[in-house]
Amino acid sequence: MSAEPIIRIRDLKTAYGSHVVHEHLDLDIRRGEIIGIIGPSGCGKSVLLRAIVGLKQPAAGSIEVFGERLEKLDPDERRTLERRWGVMFQDGALFSNLTVRENVMVPMKEHTSLGPQLRTELADMKIRLAGLEPDAGLKYPSDLSGGMRKRAALARALALDPELLFLDEPTAGLDPITAAGFDTLVRQLQKSLGLTVFLVTHDVDTLYATCDRIAVLGEKHVLAVGTIDELRKVDHPWVQEYFGGPRGRAATGH
Amino acid sequence: MADTFPPEFALEDSDEFSTLRLAGDWTVAHVQDVDEALRQLAPAKPMRIDVSGLGRIDTAGAFVIDRTLRAAASGAGSDAVIVGEHATAGRLIAQIHAVSEPVPAPPAHEGGVYALLERTGKGFMGILAESVATLAFLGETLITCVRLLSQPWKLRWTSIVAVMEEAGLDALPIIAFLSFFVGMVVAFIGATTLSDFDLEIYTVELIGYSELREFGVVLTGIVLAGRTNSSFTAQIGTMKMRQEIDAMKTLGLKPMEVIVAPRVIAMVVMTPVLAFVATLAGIAGGIMVGWLALDINPAVFIERLRNSVPIDQFWVGMSKAPVFGLVCVLIACRQGLNVGGSVQSLGRATTTSVVQALFSIIAIDALFAVFYMELGI
């Protein structure tokens, strides 16, 4: 883990019209860690993700990814930067007119010199790596169940072996066994590829199983950042309730 | 990003082994460079892959190495192994090995005469099924509408009025505008031709018959087919895609009553109104040309129109309007409800909806023409 953070957010403010989502938000994400983002519903976890990947223009403040400020890059540099991260959206956001395999091949086609044969082989490999049966590659997203769609979306996010992976609620709506498999997969990939993972989640089990650090969002900024043990000591009602509540306790076995 | 080195490999044969030495970065950006050469590789002896000189590696690189291992293992009949030290290669290749079995290709489609016949047959049966389904939908809609009209308190007046505004009132300016210009064009053509015989005054009859009987109502139908059909199909199709239709059913709401009936009723009421305005606008266009280009005073024009064009012509035109409206809205709703899960099917349904509506309007208009001719009107 190098000292230079992979994402550095300073004094971020985002707003929809007059509704302010974040204000004075600071956050550093270190290279090679899995950071979990939690917080009450509607506190702007997904908006933060959208702001980092450039889908939502911040109203004030700065976001640096890989040491670069997104809005200051010219389109070419931005393209190069964008291929270094992969994003998995909450409901998959697969292209519905393409098969799963073609979905995974889209970023490869757009950003690399891979030939069609190798591209197909790699896509099939990613699909299995994400835990799908190989024949799922020929299906269309509308033929897949919700869990399978998430896996397909993960396969697409991993298509270019990104250094930085954004996952928005990867385990929401999955059965516990599949969710646990997902956690193991993310952890394994992180180890062997040295991934940095930005993980938005509500799933306490996922937090325990995968995350190195956790950032709690609330009241328009980051309430606390740290390991689970550090967060337990944070004197904030929501944080206390989160880890001390029945679900939080169940996950640790206390 | 740090400097990258293109991937390279070298094959060294010793007495017992072929050793493949890897160098450079084996990442997704560059692995294509060695892909072809690696596929050609066919060592006769058991193979070892030396990863000690390897730079960076990701899953794409690991996959290519693993594929080479598999090919070597099946070719030489003995297991290939990885030798040499590398921070991540061994673990990553092992991880990829678990998921990299080649996927069998799906059976290819048959070509030739047989397939052509099969497709023709399927297409024909498709048209039959489509016609039956449209008629069934017409029947279901009519039953629903009649039942609702006999119990007017069950009608959804809010949505009926909303559709009337959105698809009727809002379409008025464009329809009036287009019809006005078509009326002008018809008058000009008539005037140029008729002036050869010094019969310019018959432009009035020309405008009267064509506008009252055909142009007003057909133009309305065509604008509705383009404007209303696309919007209805897209609306309903999106509701279908987002499972709103399913949600309605589970809440005990009938899509027929909630979605289809209000639109049908609104359009059957509004189309004659639109057609009426279109006819007036068309005649106004004719009057304008008559006045400016032919020196026919508007008062004379209107007087002649009243005397020489029977009112029957107006009713012939108007009688078609509700039918056109009904046909358009039926096709729009049916196509909307036909949408499946993908964006592509939404696009296809919208196209089909507009094309079918245009086709039906022209075809039905021709049928009406034959029908009224037989009646002698």
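Of A:Leu167, A:Leu160, which residue is under 30 Å from A:Asn97 (Cβ atoms) and within 14 Å of chain B (Cβ to nearest Cβ)?
Working: A:Leu167 fails: within 14 Å of chain B (Cβ to nearest Cβ).
Result: A:Leu160 is the single residue among A:Leu167, A:Leu160 that is under 30 Å from A:Asn97 (Cβ atoms) and within 14 Å of chain B (Cβ to nearest Cβ).
Residues that are of a type outside the set (D, E, K, R), crowded, with 21+ Cβ neighbours inside 10 Å and under 21 Å from A:Cys211 (Cβ atoms): does segment A:96-110 have at least one?
Pass one, segment A:96-110, residues of a type outside the set (D, E, K, R): A:96-100, A:103-108.
Cutting the leftovers down to crowded, with 21+ Cβ neighbours inside 10 Å gives us A:100, A:103-105, A:108.
Subset that is under 21 Å from A:Cys211 (Cβ atoms): none.
Among the residues of segment A:96-110, not one is of a type outside the set (D, E, K, R), crowded, with 21+ Cβ neighbours inside 10 Å and under 21 Å from A:Cys211 (Cβ atoms), which makes the answer no.
Examine segment A:175-189 for a residue that is within 14 Å of another protein chain (Cβ to nearest Cβ), within 24 Å of B:Ile57 (Cβ to Cβ), of a type in the set (Ser, Thr, Tyr) and out of contact with any Ser or Thr (no Cβ under 7 Å at 6 or more places or on another chain), and state whether such a residue exists.
First, pick out the residues of segment A:175-189 that are within 14 Å of another protein chain (Cβ to nearest Cβ): A:181, A:184-189.
Applying the additional criterion that residues be within 24 Å of B:Ile57 (Cβ to Cβ) yields A:184-189.
Next cut, of a type in the set (Ser, Thr, Tyr) only: A:184.
In the following step, the residues that additionally are out of contact with any Ser or Thr (no Cβ under 7 Å at 6 or more places or on another chain) were identified as A:184.
Scanning segment A:175-189, I find at least one residue that is within 14 Å of another protein chain (Cβ to nearest Cβ), within 24 Å of B:Ile57 (Cβ to Cβ), of a type in the set (Ser, Thr, Tyr) and out of contact with any Ser or Thr (no Cβ under 7 Å at 6 or more places or on another chain), so the answer is yes.
Would you mind finding the one in A:Arg128, A:Arg119, A:Arg151 that is away from chain B (no Cβ under 11 Å) and not β-branched (Val, Ile, Thr)?
Values: A:Arg128 fails: away from chain B (no Cβ under 11 Å); A:Arg119 fails: away from chain B (no Cβ under 11 Å).
Criteria check complete, one pass: A:Arg151.
Residues are listed down the side, and each one gets a yes or a no for (1) of a type in the set (Asp, Glu); (2) modelled with pLDDT of 85 or more; (3) in contact with a Leu (Cβ under 9 Å, 6 or more places away or on another chain):
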residue: A:Ser113; (1), (2), (3): no, no, no
residue: A:Glu121; (1), (2), (3): yes, yes, no
residue: A:Leu138; (1), (2), (3): no, yes, no
residue: A:Arg149; (1), (2), (3): no, yes, yes
residue: A:Leu154; (1), (2), (3): no, yes, yes
residue: A:Glu163; (1), (2), (3): yes, yes, yes
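Filter segment A:131-148 for residues that are touching a residue at least 12 places away in the same chain (Cβ under 8 Å), more than 7 Å from chain B (Cβ to nearest Cβ), not in a helix (DSSP H, G or I) and not charged (D, E, K, R) and give the result.
Listed by number, the residues that qualify are A:Gly131, A:Leu132, A:Leu144.
With touching a Pro at 6+ places or on another chain (Cβ under 8 Å), within 14 Å of chain B (Cβ to nearest Cβ) and in contact (Cβ under 8 Å) with a residue 24 or more places away in the chain as the only criterion, which of A:Gly32, A:Gly92, A:Gly67 stands out?
One residue alone meets the criteria, A:Gly92.
What number of residues within segment A:117-157 satisfy the criterion of being closer than 18 Å to B:Gln32 by Cβ and in contact with a Lys or Arg (Cβ under 6 Å, 6 or more places away or on another chain)?
Filtering segment A:117-157 down to residues closer than 18 Å to B:Gln32 by Cβ leaves A:117-126.
Checking the rest, the ones that are also in contact with a Lys or Arg (Cβ under 6 Å, 6 or more places away or on another chain) come to A:123.
Final tally of qualifying residues: 1.
Since A:Gly61 meets every condition but one in (1) on the phi > 0 side of the Ramachandran plot; (2) buried (at least 17 other Cβ atoms within 10 Å of the Cβ); (3) assigned to a loop (DSSP other than H, G, I, E, B), which condition does it not meet?
Of (1) on the phi > 0 side of the Ramachandran plot; (2) buried (at least 17 other Cβ atoms within 10 Å of the Cβ); (3) assigned to a loop (DSSP other than H, G, I, E, B), only one is false for A:Gly61: (3).
For B:Arg91, state whether it is of a type in the set (Lys, Arg), part of a helix (DSSP H, G or I), at the interface with another protein chain (Cβ under 9 Å from one of its Cβ atoms) and in contact (Cβ under 8 Å) with a residue 12 or more places away in the chain. Break it down into steps so the answer makes sense when it comes.
Numbers: of a type in the set (Lys, Arg): yes; part of a helix (DSSP H, G or I): yes; at the interface with another protein chain (Cβ under 9 Å from one of its Cβ atoms): yes; in contact (Cβ under 8 Å) with a residue 12 or more places away in the chain: no.
Against the criterion (of a type in the set (Lys, Arg), part of a helix (DSSP H, G or I), at the interface with another protein chain (Cβ under 9 Å from one of its Cβ atoms) and in contact (Cβ under 8 Å) with a residue 12 or more places away in the chain), B:Arg91 does not qualify.
Test of understanding: among B:Ala23, B:Ala10, B:Ala29, which residue is at pLDDT 75 or above, farther than 26 Å from A:Pro162 by Cβ and either part of a strand (DSSP E or B) or within 14 Å of chain A (Cβ to nearest Cβ) (or both)?
Numbers: B:Ala23 fails: farther than 26 Å from A:Pro162 by Cβ; B:Ala29 fails: farther than 26 Å from A:Pro162 by Cβ.
Every option except B:Ala10 fails the conditions.
Are any residues in segment B:189-201 out of contact with any Phe, Trp or Tyr (no Cβ under 6 Å at 6 or more places or on another chain) and crowded, with 17+ Cβ neighbours inside 10 Å, and if so, which ones? Give the derivation first.
The first filter runs over segment B:189-201 and keeps only residues out of contact with any Phe, Trp or Tyr (no Cβ under 6 Å at 6 or more places or on another chain), leaving B:189-193, B:195-201.
Those that are out of contact with any Phe, Trp or Tyr (no Cβ under 6 Å at 6 or more places or on another chain) and crowded, with 17+ Cβ neighbours inside 10 Å: B:Gly190, B:Ala191, B:Glu200.
Any residue at all in segment B:103-111 that is in contact with a helix residue (DSSP H, G or I) (Cβ under 6 Å, 6 or more places away or on another chain), surrounded by 18 or more Cβ atoms within 10 Å (Cβ to Cβ), modelled with pLDDT under 80 and within 14 Å of another protein chain (Cβ to nearest Cβ)?
For segment B:103-111, residues in contact with a helix residue (DSSP H, G or I) (Cβ under 6 Å, 6 or more places away or on another chain), surrounded by 18 or more Cβ atoms within 10 Å (Cβ to Cβ), modelled with pLDDT under 80 and within 14 Å of another protein chain (Cβ to nearest Cβ): present.
Would you check if there is a residue in segment B:108-131 being over 30 Å from B:Ala293 (Cβ atoms), touching a residue at least 12 places away in the same chain (Cβ under 8 Å) and in a helix (DSSP H, G or I)? Show your work before the answer.
Step one: of segment B:108-131, the residues over 30 Å from B:Ala293 (Cβ atoms) are B:108-131.
In the following step, the residues that additionally are touching a residue at least 12 places away in the same chain (Cβ under 8 Å) were identified as none.
Checked against the condition, which is being over 30 Å from B:Ala293 (Cβ atoms), touching a residue at least 12 places away in the same chain (Cβ under 8 Å) and in a helix (DSSP H, G or I), segment B:108-131 yields no hits at all.
Could you please find all residues in segment B:311-338 being of a type outside the set (A, V, I, L, M, F, W, C) and either touching a Phe, Trp or Tyr at 6+ places or on another chain (Cβ under 7 Å) or crowded, with 24+ Cβ neighbours inside 10 Å (or both)?
We begin by selecting, within segment B:311-338, every residue of a type outside the set (A, V, I, L, M, F, W, C); these are B:312-313, B:317, B:319-320, B:322, B:325, B:334-336, B:338.
Result: B:Gln313, B:Gly317, B:Lys320, B:Gly325, B:Arg334, B:Gln335, B:Gly336.
Here are the criteria: (1) under 23 Å from B:Arg70 (Cα atoms); (2) more than 8 Å from chain B (Cβ to nearest Cβ); (3) modelled with pLDDT under 85. Tell me which single one A:Lys109 does not satisfy.
Only one criterion is unmet by A:Lys109, namely (1).
Filter segment B:114-140 down to the residues that are exposed (fewer than 11 other Cβ atoms within 10 Å of the Cβ) and among the hydroxyl-bearing types (Ser, Thr, Tyr), then identify the one that is farthest from the chain's Cα centre (by Cα).
This residue is B:Tyr114.
For segment B:167-188, which positions are surrounded by 16 or more Cβ atoms within 10 Å (Cβ to Cβ), of a type outside the set (A, V, I, L, M) and more than 17 Å from B:Pro298 (Cα to Cα)?
B:Gly168, B:Ser179
Output the strands (runs of 3 or more DSSP E) that fall wholly within segment A:1-55 and possess 1 or more residues being out of contact with any Asp or Glu (no Cβ under 9 Å at 6 or more places or on another chain) and over 20 Å from A:Thr201 (Cα atoms), or say none. Steps first, please.
Details: elements: A:5-16, A:19-30, A:34-38.
Because the criterion is at least 1 residues that are out of contact with any Asp or Glu (no Cβ under 9 Å at 6 or more places or on another chain) and over 20 Å from A:Thr201 (Cα atoms), the strands (runs of 3 or more DSSP E) in segment A:1-55 that meet it are A:5-16, A:19-30.
Looking only at segment B:37-44, decide whether some residue is within 12 Å of chain A (Cβ to nearest Cβ) and in contact with a Pro (Cβ under 8 Å, 6 or more places away or on another chain).
No, every residue in segment B:37-44 fails to be within 12 Å of chain A (Cβ to nearest Cβ) and in contact with a Pro (Cβ under 8 Å, 6 or more places away or on another chain).
Out of all the residues in segment A:181-221, which are small (Gly, Ala, Ser) and either surrounded by fewer than 22 Cβ atoms within 10 Å (Cβ to Cβ) or modelled with pLDDT under 85 (or both)? Write out each step before concluding.
Restricting attention to segment A:181-221, the residues satisfying the condition of being small (Gly, Ala, Ser) are A:181, A:192, A:194, A:209, A:215, A:218.
Result: A:Gly181, A:Ser192, A:Gly194, A:Ala209, A:Gly218.
The values are calculated or read from the model by the stated rules, or taken from the named source; none is laboratory data. All of these numbers come straight from a predicted model, not from anything done at the bench. Heads up, the Cβs are rebuilt from the backbone with ideal geometry, glycines too, and the neighbour counts pull from every protein chain shown.
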